[in-house]
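What follows is calculated from the coordinates using simple rules that are stated; it is not laboratory data. Fair warning: this is a prediction, and the values are worked out from it, not measured in the lab. FYI the Cβ positions are ideal-geometry reconstructions off the backbone, even for glycines, and counts take in every protein chain you see.
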Amino acid sequence: MNDLKGRVALVTGGSRGIGAAIAISLAEAGASVAVNYREKSVEAEAVATGIRDAGGKAMIIGADVSKAEEVARLVAGVEAEFGQVDVLVNNAGIGLLRGIDDLTEADFDLTIAVNLKSAFLCTQRVIPAMRQKKWGRIVNISSGAARGGGGIGPHYNASKAGMEGLTRGYAARLVKEGITVNAVAPSLIETDMVKQGLASSPARIPLGRFGTSEECAQVVMMLVRTEYMTGQTVALSGGMSFL
């Protein structure tokens, strides 16, 4: 389907994993996609090259989305290349594995800045253009840790719970303006974070396997395409969320 043809999408943290899969899916639907990265320019370029080779439109743009001045530059760069942002996916995030006795104030502040403040900064920056068009889609990538114990640490729980509150708050205030705001909450997706020690086995997942980045992208695309859904968080957990 080319239902997003003529639309511009920005995916933060789009160089690998879930972000890369989302960027590719948006491009397959016809959107011009900006792949944001902070350090991994080579990986980001590989995602963009793959999109272009398949006939899509993509650009890469580096920025630390936890900083307001960087976000301003990021969005201005996307607008200069492709036009105003219609679809924003707030995917950038970090997961610092910490026990409660090892967690420091610096760890907490950094996690909140990268995982939560970045979503606020990017959302605030793209809302004016969406309001003008009376159309916009904002999807925030949360986590099962927003409502469960999680395995990374309370700083991560707090950042993702805050993201879901941010989702509901914006959704309630933009619902009359053609802009939907939703979240996806994956648990134990087969990404670098999981492979690096968060879960060595999928044994506790009812479906018996880890989820995939592509499955996360499918849910994001459903939210982008669905006009009659806003303020919701979709759990993607292989059955863990209802046990």
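Observations on the model:
- If only the Cβ of Lys and Arg carry +1 and only the Cβ of Asp and Glu carry -1, the dipole of segment 74-185 around its Cα centre is close to 660 debye.
- In segment 116-171, trypsin sites (Lys or Arg not before Pro) in a DSSP loop with at most 14 other beta-carbon atoms within 10 Å: LYS134
- Euclidean distance between Cα centres, segment 115-162 to segment 1-68, Å: 18
- Formal net charge of residues neighbouring LYS176 (Cβ-Cβ distance under 15 Å; K, R +1; D, E -1): +2
- Computing FRET efficiency as 1/(1 + (r/R0)^6) for LEU103 and VAL42, where r is the C-beta to C-beta distance and R0 is 45 Å, gives about 0.90.
- Within the same chain, lysines fewer than 8 places from LYS67 are excluded, and of the rest, those with a Cα less than 17 Å from its Cα are LYS117.
- Prolate/oblate/rounded call for the chain, Cα gyration tensor, a/c under 1.5 rounded: rounded
- For the chain, the longest principal axis of the alpha carbon atoms and the long axis of helix 213-225 meet at an angle near 50°.
- Between ARG173 and ALA203, the contour length at 0.36 nm per residue exceeds the alpha carbon distance by 6.7 nm.
- Angle of helix 41-53 to the longest C-alpha principal axis of the chain, folded into 0 to 90 degrees and rounded to 10: 50°.
- Of all stretches in the chain that contain no GluC sites (Glu not before Pro) in a DSSP loop with at most 10 other Cβ atoms within 10 Å, the longest one is 40-226.
- Axis of helix 68-81 versus longest Cα principal axis of the chain: the two differ by about 40°, to the nearest ten degrees.
- Only one residue of GLY17, THR233, LEU121 has its Cα farthest out toward the positive end of the dipole of the chain, where Lys and Arg carry +1 and Asp and Glu -1 on Cβ, and that residue is THR233.
- Charged-residue dipole, Cβ positions (Lys, Arg, Asp, Glu), the chain about Cα centre, Debye nearest 20: 720
- Placing a pseudo-label 7 Å from each Cα along the Cα-to-Cβ vector at ARG225 and ASN2 gives an inter-label distance of 1.7 nm.
- Trypsin sites (Lys or Arg not before Pro) within segment 1-34, DSSP loop, no more than 13 other Cβ atoms inside 10 Å: LYS5
- Under the criterion of Cα pairs below 8 Å and six or more residues apart, the relative contact order for the chain equals 18 percent.
- Gained length - GLU214 relative to GLU69, 0.36 nm times residue gap less alpha-carbon distance: 49.0 nm
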